[in-house]
Amino acid sequence: MIEKIAEKIRIKQEKKLGDFLNKNMNLNFVNFLLNRRRKIKGELIPFDIEGYCTPLTEKTCHKIYENTYTFMKALGFNKDEILFYISDEFEINAKSFLGDTEANIPHIIILNSGLLERGSLKEVLWVIAHELSHIYYGHGYISNAFNFVYPPNSKKKCIPPILFYYYSCWKKLNEISSDRLSLCLTKDFESAIKMLFKGPSTKKYVDVSTEEILNITKSIFEKLKDREKNNFFNYPAKPIRITMLDKFYNSDAWELVKKDREDPQSLKYIEKSVEKIDEEIVKILGSFKEPVNEKELVKMLFISSAASLIMKADKHIEKDGFNYIINILSEFYFDPTILLNEMLENPDKAKKYLKESSRKIKEKYPDLKTDVITILTNLMVRDKKISDEEVNILFDIASKFLEADFYTIIETILGSIQKLYKPLY
Ligand SMILES: [Zn+2]
């Protein structure tokens, strides 16, 4: 059993983001309903899987199953908890579907025939261990419910930027956590790196040593690491994954992990060593987003301080307005809720930031003026009533602090009223 190690090597920020999504989207409830529906309809295994995929069992695929069962046992799974299938797809890939052991719904792992045809046994086992790691960490719990609430490619509903951003970061971090746990199960670094590097390229033509792969990816990693923040593919770029696994493999933690050391002292040591690598990965994947330049910083401080003063004008803070502002701030900052609350709790601090940021906007970034005034007027009309107090503060901020002309302010307010104002709605 390597359950204790599995928790220690998991990226803490991944767990935190998952908890945030779970709490704010009531994913527990969504999952409960989805699983209940499956049980009532008797769809414990989806029709397209049971009807069109080849079962991978002890009897049909002994070689693979034998090793896979060793991994399952290490993670504390029973044989009947996870079912395996092979689908007729060319791409070197696999996917997992989280079930619910308590409700007797099995977890499912599907391997593409392309993976079995073009990967070596060891490489295939690494992929299986990776999918088992997703199941072990329960990643599907969040993605199932999230994709139900916001179906991919559906244009009907817009994902609020903050949820989109958090989900994307979480997805990427969960790949890195699973890569690590997969390595703990297989202890086969070489096959992991080869599999991650080769991806959909064919085995026949790509023949390269692990050392060479690491050399190639190191230089690409340096070029990509600053751009990864804006990668919204839900998977980290491959050189990032390879380099991060290499760092884990070369860390002090690995020396203990490879021996499956689960005594308290070793676990503490593993945790500490992994924390150091995690700091870097969290930064690269943008899970701690911060303004990238002065202009973004000025915009973020102006919006948060000015919005807090306008919101304070009402007797109680409207949730709608609050959410509107944190979604806007999430473009620049990882945890906008903390930032906005800080401004709301410290009006003197908010005034100080307002003064400094508006001076910078006037002097260096006048092109931001209309944009930020529009955000404030949108905020003002959002709560379905417009109070004199709010209007006074807004005019004060726009005319005195930003020195915007009267006509621009009026035009912007009228624009927001026509677009968003819903009195008595
Ligand atoms: Zn994965």
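The values are calculated or read from the model by the stated rules, or taken from the named source; none is laboratory data. From a predicted model like this one, the values you see are computed outputs, not experimental measurements. Positions of Cβ are generated from backbone atoms using ideal geometry, with glycine treated the same way; all protein chains shown enter the neighbour counts.
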Practice prompt. Restrict the check to region 208-223 and report whether at least one residue is within 16 Å of the ligand (Cβ to nearest atom), among the hydrophobic types (A, V, I, L, M, F, W, C), assigned to a loop (DSSP other than H, G, I, E, B) and at pLDDT below 90.
Written response: no
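Can you find a residue in region 151-173 that is more than 18 Å from the chain's Cα centre (by Cα), within 14 Å of the ligand (Cβ to nearest atom) and within 20 Å of MET244 (Cα to Cα)?
First pass over region 151-173, keeping only residues more than 18 Å from the chain's Cα centre (by Cα): 154-157.
Going one step further and asking which of them are within 14 Å of the ligand (Cβ to nearest atom), we end up with none.
The answer is no; no qualifying residue exists.
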Worksheet item: Which condition number in (1) in a loop (DSSP other than H, G, I, E, B); (2) more than 20 Å from ASP367 (Cβ to Cβ) is the one that ALA404 fails?
Response: (2)
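Is it true that GLU345 is touching a Lys or Arg at 6+ places or on another chain (Cβ under 9 Å), surrounded by fewer than 17 Cβ atoms within 10 Å (Cβ to Cβ) and at pLDDT below 95? Reasoning before the result, please.
Details: touching a Lys or Arg at 6+ places or on another chain (Cβ under 9 Å): no; surrounded by fewer than 17 Cβ atoms within 10 Å (Cβ to Cβ): yes; at pLDDT below 95: yes.
No.
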Practice prompt. Could you figure out which of (1) touching a Lys or Arg at 6+ places or on another chain (Cβ under 8 Å); (2) at pLDDT 85 or above; (3) within 24 Å of ILE162 (Cα to Cα); (4) surrounded by fewer than 16 Cβ atoms within 10 Å (Cβ to Cβ) isn't true of TYR235?
Written response: (2)
Practice prompt. Could you please give the count of residues in region 307-356 that are within 21 Å of the chain's Cα centre (by Cα) and of a type in the set (Ser, Thr, Tyr)?
Written response: 4
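For region 19-123, which fully contained strands (runs of 3 or more DSSP E) count at least 3 residues that are modelled with pLDDT of 95 or more and surrounded by 12 or more Cβ atoms within 10 Å (Cβ to Cβ)?
Details: elements: 82-87, 94-97, 107-112.
Hits in region 19-123: 82-87, 107-112.
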Fill in: Residues located in region 278-307, provided they are surrounded by 15 or more Cβ atoms within 10 Å (Cβ to Cβ), touching a residue at least 24 places away in the same chain (Cβ under 8 Å), out of contact with any Phe, Trp or Tyr (no Cβ under 6 Å at 6 or more places or on another chain) and over 16 Å from ILE373 (Cβ atoms)
ASP278, ILE281, ILE284, LEU285, GLY286, SER287, LEU297
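Just to be sure before I move on: is TYR165 closer than 17 Å to ASN234 by Cβ, in contact (Cβ under 8 Å) with a residue 24 or more places away in the chain, in contact with a Lys or Arg (Cβ under 7 Å, 6 or more places away or on another chain) and buried (at least 20 other Cβ atoms within 10 Å of the Cβ) in the structure I sent? First the steps, then the outcome.
Values: closer than 17 Å to ASN234 by Cβ: yes; in contact (Cβ under 8 Å) with a residue 24 or more places away in the chain: yes; in contact with a Lys or Arg (Cβ under 7 Å, 6 or more places away or on another chain): no; buried (at least 20 other Cβ atoms within 10 Å of the Cβ): yes.
So TYR165 does not fit the description; no.
With respect to ILE159, is the statement that it is in the same structural domain as GLU280 (by TED's automatic domain parsing) and either buried (at least 21 other Cβ atoms within 10 Å of the Cβ) or hydroxyl-bearing (Ser, Thr, Tyr) (or both) true?
Values: in the same structural domain as GLU280 (by TED's automatic domain parsing): yes; either buried (at least 21 other Cβ atoms within 10 Å of the Cβ) or hydroxyl-bearing (Ser, Thr, Tyr) (or both): no.
When the stated conditions are applied, ILE159 does not pass them.
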Fill in: Complete set of residues in region 124-140 that are away from the ligand (no atom under 14 Å from the Cβ) and either in contact with a strand residue (DSSP E or B) (Cβ under 9 Å, 6 or more places away or on another chain) or not assigned by TED's automatic domain parsing to the domain that holds LEU21 (or both)
VAL124
